[in-house]
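Structure record follows, encoded as structure tokens.
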Amino acid sequence: MPFSIDFLDDGRVLEWKATADGAVATERDDYTPRFYVAARDLASDLDLTTLQSVYDQHPDVVATETVARRPGFRRDEEAVLAVDVAHIDRVTPLARQARQLSDYPVGDLACFNVDFSREFRYCLETGANPTPASELSTLRLSVPVTETSNDVYEKLSVAGDTVTGSPTDILTAVQGALEAHDPDVLVCSTSEIVPTLYEMAADAGVNDFSLSRWPDVDYQQLASRSTYSSYGRVGHSPARYNVPGRAIIDESNTFFYGETNLDGVLDLVSRSNKPVQELAWASIGNVLTAIQICEAHDRGVLVPWNSWRHEFYKPMGTLHDADRGGFIFAPEVGLHENVHELDFSSLYPNIICTRNVSPDVIRCDCHSDRDDVPGLGYSICDDRGYLVDVLQPIIDAR
């Protein structure tokens, strides 16, 4: 049960497992991430042998084979091309080249299982359970807000103790805390603490400073800082870093740890198969998507890289009846008596589970003559939808 997975530049993978005597690393050099290529449409008779022969000659491809998978919940098993890649960083570039490496018409090819996060992909493909078998030890590193943007820290909180002084004093305190606690998880007030400490060590000539448990790699940058726009608001996403052998939780970039502490994070790790570090920075939508991907994987269904399935045609009358939005009545200003509140706990998930509302069973072909949704003429298949299997365990636990 590895709580952290590290990917080295030479293709090796390190599985870190927590034990009563400390973390233990298992080195693997046989892991090859995989993505799939298939016909986009069910009726297509696309021949993938040409693309397979091109991939077989690519230096970043380890092997290819034709396997039987379901490209969608509404499709049966069919022959798809599986591509095993030499390094996890080459999955997306190779998938992008699927149309460039062949002369298939645009729109005929579709790639699957491409844009997974690294550790989650590893657990999904190898069957590794990222739930720690032993309790994880933590060490908190915190820098005051006034020091956040500095290239050199003059003050740093290490395991609750404030350390001030020269860079050498601060680095010595951090290294001493690492040796004393040997933490599995570094809880940082900001992820920028990691590169800043290494830059301080380089400038001060402290050559033996390291946050890593693996002697050959100090730290890795997984993603750069960026800005994004969501619902009309511009947000900031900080850079993400990785330290081999230790999971990093960035307090400035985590929702679950701030709301539930490590216990809540580990609960969602067990449900989503996302290891601690990836779970900590993930959003609730990201976690629910991971749970859905796990359910699809168990059913032999591939995950499309880019969704192309449009909604079924609806006449204007159906849109009027089905897509009515909610309306909130504004109360009259003043004092009111006999006011009642109705709170429907988990209303939408419960409706999904009790009514079997899932995209793979609504308007099924096998019951097209039924009117299971009054007024709309929609049928709902008797087979249990995958979304029910995703949500029911969460509702039961709640």
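The values are calculated or read from the model by the stated rules, or taken from the named source; none is laboratory data. Since we're looking at a predicted model, the values are computed, not measured. Every residue, glycine among them, receives a Cβ derived from its backbone with ideal geometry; neighbour counts consider all protein chains shown.
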Scanning the stretch 210-239 residue by residue, the ones that are out of contact with any Ser or Thr (no Cβ under 6 Å at 6 or more places or on another chain) and assigned to a loop (DSSP other than H, G, I, E, B) total 13
If you go through Pro349, Pro359, the only one that is assigned to a loop (DSSP other than H, G, I, E, B) and out of contact with any Lys or Arg (no Cβ under 7 Å at 6 or more places or on another chain) is Pro359
By residue number, the members of the stretch 278-327 that are at pLDDT 80 or above, under 26 Å from Gln392 (Cα atoms) and of a type outside the set (A, V, I, L, M, F, W, C) are Glu278, Ser283, Gly285, Asn286, Thr289, Gln292, Glu295, His297, Asp298, Arg299, Gly300, Pro304
Among residues of the stretch 240-287 being part of a helix (DSSP H, G or I) and among the hydroxyl-bearing types (Ser, Thr, Tyr), the residue farthest from Thr227 (Cα to Cα) is Ser270
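Condition check ((1) surrounded by fewer than 19 Cβ atoms within 10 Å (Cβ to Cβ); (2) touching a residue at least 60 places away in the same chain (Cβ under 8 Å)) across all residues:
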position	(1), (2)
Glu119	no, yes
Thr126	yes, yes
Thr138	yes, yes
Val152	yes, no
**Message:** Any residue at all in the stretch 375-385 that's more than 28 Å from Pro71 (Cα to Cα), of a type outside the set (Ser, Thr, Tyr) and either outside the structural domain of Asp267 (by TED's automatic domain parsing) or in contact with a Leu (Cβ under 9 Å, 6 or more places away or on another chain) (or both)?
**Reply:** yes
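Based on what the data block shows, is Ala25 part of a strand (DSSP E or B), outside the structural domain of Ser358 (by TED's automatic domain parsing) and either touching a residue at least 60 places away in the same chain (Cβ under 8 Å) or under 29 Å from Val243 (Cα atoms) (or both)?
Here the answer is yes, as Ala25 does meet what is asked.
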A careful count of residues in the stretch 1-12 that are over 17 Å from Val269 (Cβ atoms) and surrounded by fewer than 21 Cβ atoms within 10 Å (Cβ to Cβ) gives 5
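Looking only at the stretch 175-192, which residues are in contact with a Phe, Trp or Tyr (Cβ under 8 Å, 6 or more places away or on another chain) and either acidic (Asp, Glu) or assigned to a helix (DSSP H, G or I) (or both)?
Correct list: Gln175, Asp184.
Are any residues in the stretch 366-398 acidic (Asp, Glu) and more than 33 Å from the chain's Cα centre (by Cα), and if so, which ones?
If the condition is that a residue be acidic (Asp, Glu) and more than 33 Å from the chain's Cα centre (by Cα), then Asp369, Asp371, Asp372 are the ones that fit.
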State whether one or more residues within the stretch 343-354 are among the aliphatic types (A, V, I, L, M) and in contact (Cβ under 8 Å) with a residue 24 or more places away in the chain. yes
| task | Confirm whether Ser189 is surrounded by 15 or more Cβ atoms within 10 Å (Cβ to Cβ), in the same structural domain as His236 (by TED's automatic domain parsing), within 31 Å of the chain's Cα centre (by Cα) and among the small types (Gly, Ala, Ser). | result | yes
Across (1) more than 25 Å from Ala25 (Cα to Cα); (2) surrounded by fewer than 21 Cβ atoms within 10 Å (Cβ to Cβ), Ala201 clears everything bar (2)
